[in-house]
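*Asks:* First the structure, then my questions, so here it is.
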Amino acid sequence: MKRVGMLTSGGDCQALNATMRGVVKGLYNGLKGDVEIYGFEEGYKGLIYNEYRMMNSRDFSGILTKGGTILGSSRQSFKSMKDPDENGLNKVEAMKQNYRKLGLDCLVILGGNGTEKTANLLREEGLNIIHLPKTIDNDIWGTDMTFGFQSAVDIATDCIDCIHTTAASHGRVFIVEVMGHKVGWLTLHAGIAGGADIVLIPEIPYDINKVCEAIERRNQAKKGFTILAVAEGAISKEDAALSKKEYKAKMASYPYPSVSYEIAEQIKEKTGADVRVTVPGHMQRGGSPDPYDRVLSTRLGARAAKLIIDKEYGYMVAIVNGETCKVPLGEVAGRLKMVDPDSGIIEEAKLTGISFGD
């Protein structure tokens, strides 16, 4: 009998359920039903406090198209994972003990970068771990694609599509703020797909004067409106030149809800344009996974099941050049996959007339 634990940690996304379904279907078919599934509730919190429920194949039926996570999720900071909780509990030791009390053969962990670092910590502590790369940011090193990303691109793109008609009707400048604090994959793809005129991402610090010049060029060409796709973590060249200490001090008294509102005010002051900001926010995490993510998640989940059946642990399941593969957790944990400013996709976007404010 194989005993497999499973948890979803960090921010949710559309394809978590689809991926768990892939794992469980793969295990039940590969092991002829000789498997027990222990679902830990609310991410690492469930593993720490031994909050779980026994699950069977029926629990994973009908969830391919269901967004969110049937196990629930929570954010447990990796930085504080080794710190005791408010009652003095050693969280890492508690997770190890609960894993062993249940006699688990493996723990399947679905999550992003922070989740992956804790997964690798548990691997280093001797637990059998399989990690599945979840994030709408697509910023996990070692995989070409993370599940949840394409579904979020679809939603952000749809938002930009909708903005086109109202922007054109009123001759306005519209800023659509897309999720992504550290990397700009989501903003980049949605910006290109949605026909944004200006795309601002964290990897390419912007010059507000260049942004305004791009708007003025469109005005001179009688375009009538301009759409900016701006990542949450977009940063000006001036701020990018600050030390971490200086930047932190500046943000401590930052007067704007987000960078998009600062950019909007600067554009209005410099050009006199009528500027509006739209923030789709957590809509980008919600709803059903799109067909691409359903296929990707099923494949990644099934490959995870194969690794468990073959007793191959300590890996992240990735998709590289269209094929699933295993990547050692220790080689990828803690590494961010950033957008390369000199990459082909940036060059091609610029050739179509998109400005990155640089």
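*Asks:* For the pair Ser243/His164, report the inter-label distance in nm, with labels modelled 7 Å from Cα in the Cβ direction.
*Replies:* Spacing of the two 7 Å Cα→Cβ label points: 4.8 nm.
*Asks:* On to the next question. With springs only between Cα atoms under 10 Å apart, run a GNM on the chain and tell me which of Lys248, Lys91, Lys270 wobbles the most.
*Replies:* Answer for the Gaussian network model of the chain: Lys248.
*Asks:* Let me ask you something else. Classify the stretch 148-228 from the C-alpha gyration tensor, please: rounded if a/c falls under 1.5, else prolate or oblate depending on whether a/b exceeds b/c. Could the numbers behind the result be given before it?
*Replies:* Details: a/c = 2.76, a/b = 1.32, b/c = 2.09.
Since a/c reaches 1.5 but b/c is at least a/b, the shape of the stretch 148-228 is classed as oblate.
*Asks:* Which of Pro280, Pro205, Pro341 ends up with the largest GNM mean-square fluctuation for the chain, with Cα atoms connected below 10 Å?
*Replies:* Pro341
*Asks:* Sticking with the crude label model, points 7 Å out along Cα→Cβ, report the distance from Ile309 to Gln97 in nm, one decimal please.
*Replies:* 3.6
*Asks:* Now a separate question. What whole-number value in Å² describes the accessible area per residue of the stretch 1-84 for a 1.4 Å probe?
*Replies:* On the way: 3610 Å² over 84 residues.
In whole numbers, the stretch 1-84 has 43 Å² accessible per residue.
*Asks:* Stretch Ser343-Asp207 to full length: gain in nm at 0.36 nm per residue minus the Cα-Cα span?
*Replies:* Working: separation 136, 0.36 × 136 = 48.96 nm, distance 2.00 nm.
Extra length from Ser343 to Asp207 when fully extended: 47.0 nm.
*Asks:* Let me ask another. Could you tell me which of rounded, prolate or oblate describes the chain, using a ≥ b ≥ c as the square roots of the eigenvalues of the alpha-carbon gyration tensor, with rounded for a/c under 1.5 and, failing that, prolate when a/b is larger than b/c and oblate otherwise?
*Replies:* On the way: a/c = 2.46, a/b = 1.90, b/c = 1.30.
Here the chain falls in the prolate category.
*Asks:* Something else about it: Roughly what would the spin-label model give for Arg58 and Leu351, points 7 Å off Cα along C-beta, in nm?
*Replies:* That separation, rounded to one decimal, is 5.7 nm.
*Asks:* Pop out the carbon and sulfur fraction of the accessible area of the chain as a percent, whole number, probe 1.4 Å. Write out the running numbers ahead of the final one.
*Replies:* Numbers: 7500 of 15600 Å².
About 48 percent, which is the carbon plus sulfur part of the accessible surface.
*Asks:* Turning to a different aspect of this structure: Give the accessible surface of the stretch 196-279 per residue, rounded to a whole number of Å², with probe radius 1.4 Å and ligands, DNA and RNA excluded.
*Replies:* Accessible area per residue: 53 Å².
*Asks:* Once a ≥ b ≥ c are taken as the square roots of the eigenvalues of the Cα gyration tensor of the stretch 1-53, is the result rounded (a/c under 1.5), prolate (a/b larger than b/c) or oblate (a/b not larger than b/c)? Before the final figure, lay out the partial values.
*Replies:* On the way: a/c = 3.89, a/b = 1.35, b/c = 2.87.
Cα axes put the stretch 1-53 in the oblate bin.
*Asks:* Considering only Ser253, Ser74, Gly344, whose Cα is most displaced toward the positive end of the charge dipole of the chain, charges sitting on Cβ of Lys, Arg (+1) and Asp, Glu (-1)?
*Replies:* Positive-end residue among those listed: Ser74.
*Asks:* With charges only on Cβ, +1 for K and R and -1 for D and E, what is the dipole size of the chain about its Cα centre, in debye, rounded to 20?
*Replies:* Values: 44 positive and 46 negative charges, 173 e Å.
Once rounded to the nearest 20, the dipole reads 820 debye.
*Asks:* On C-alpha positions alone, give me the angle between the axis of helix 259-271 and the longest principal axis of the chain, in degrees, nearest 10.
*Replies:* So the inclination is approximately 10 degrees.
*Asks:* Continuing with the same structure: Tilt of helix 113-124 relative to the longest C-alpha principal axis of the chain, in degrees (0 to 90, nearest 10)?
*Replies:* It is inclined by approximately 30 degrees.
The values are calculated or read from the model by the stated rules, or taken from the named source; none is laboratory data. Quick caveat: nothing in here was measured; it's all calculated off a predicted structure. Every residue, glycine as well, gets a Cβ built from its backbone with ideal geometry; the counts of neighbours run over all protein chains shown. The protein model used for the area step is the full one, side chains on, heavy atoms only, and it has no ligands, DNA or RNA in it. Shrake-Rupley method; radii C 1.70, N 1.55, O 1.52, S 1.80 Å.
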